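Read through the structure below, which is laid out as structure tokens, and then see the notes.
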Amino acid sequence: MHTVTRHHGGITNVSQQPIRTNMIPVLPEDKFKAFFANFARTAGIRATERDFTIEGRPINPWLLHRAVFSRGGFDSVSTNDEWPIIGAAVGFPAIGPGDASQPPQCAPLPAQRLQQLYRDSLRPFDQTYMHTVVQLRNSQLSSVQSQPPQPQAKPHQPTEADYQALLSTTSESSLITPTR
């Protein structure tokens, strides 16, 4: 089993180079919904519609996952104080005069509540998802490395299509089982 640790906004496998969160594809909405529902049930995470409502506004968990994941994950968004940007991205009204060079931002209170919601419900899922993708990637790389070298073969760098193919062949239960 490989040890996986967080490193500068990404995941590091001790025997591999760091894998940045932005190098791992965001799950398509249908897969996210199925995997997250199973993960929440398995991990005992409460994930009701009421939990995903802030200031009377329903929050789509996949849109929140996608917005945070695309900006480097929870730690990166928190470190860079980007929760107001996440809030605007998931539908909270933008505040201030707006600067064309900056993304829109929502008010501080919904941004804070989004951070808390994400930390309590989606962060454990995203960590498990990233860990699983790293394990699948390492498994794929080790199987490629164990084959005899082919003449003039170029090393294969996994692409998003490769990750999607791995995800489509991975059962829901193996992807979303919380690590202990």
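Laboratory data are not the source of any read-out in this text; all were calculated from the coordinates shown. Since we're looking at a predicted model, the values are computed, not measured. Here the Cβ positions follow ideal geometry from the backbone for every residue, glycine too, while neighbour counts run over all protein chains shown.
Kindly state, to the nearest 0.05, the FRET efficiency for residue 116 paired with residue 23, given R0 = 30 Å and r defined as their beta-carbon distance. If you can, show how the numbers build up before the last one.
Numbers: r = 27 Å, r/R0 = 0.91.
For residue 116 and residue 23, the calculated efficiency is 0.65.
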- Item | Inter-site label distance for residue 48 and residue 34 at 7 Å from Cα along Cβ, in nm | 2.7 nm
- Query: Across segment 121-138, in residue order, what do the Karplus-derived ³J(HN,Hα) couplings come to in whole Hz, using 6.51 cos²θ - 1.76 cosθ + 1.60 with θ = phi - 60° and x for Gly and Pro?
  - Reply: 10, 8, 4, x, 5, 4, 4, 5, 4, 4, 4, 5, 5, 4, 4, 5, 4, 5
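With +1 on each Lys and Arg Cβ and -1 on each Asp and Glu Cβ, and nothing else charged, work out how big the dipole of segment 39-130 is about its Cα centre, in Debye to the nearest 20. Intermediate results must be reported in sequence, preceding the final value.
Numbers: 9 positive and 9 negative charges, 62 e Å.
Taking the Cα centre of segment 39-130 as origin, the dipole is about 300 debye.
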- Task: Convert each backbone phi in segment 79-92 into a coupling constant with the Karplus relation 6.51 cos²θ - 1.76 cosθ + 1.60 (shift: θ = phi - 60°), then list the ³J(HN,Hα) values in order as whole Hz, x for Gly and Pro.
- Result: 4, 8, 6, 9, 4, x, 5, 4, x, 5, 5, 9, x, 6
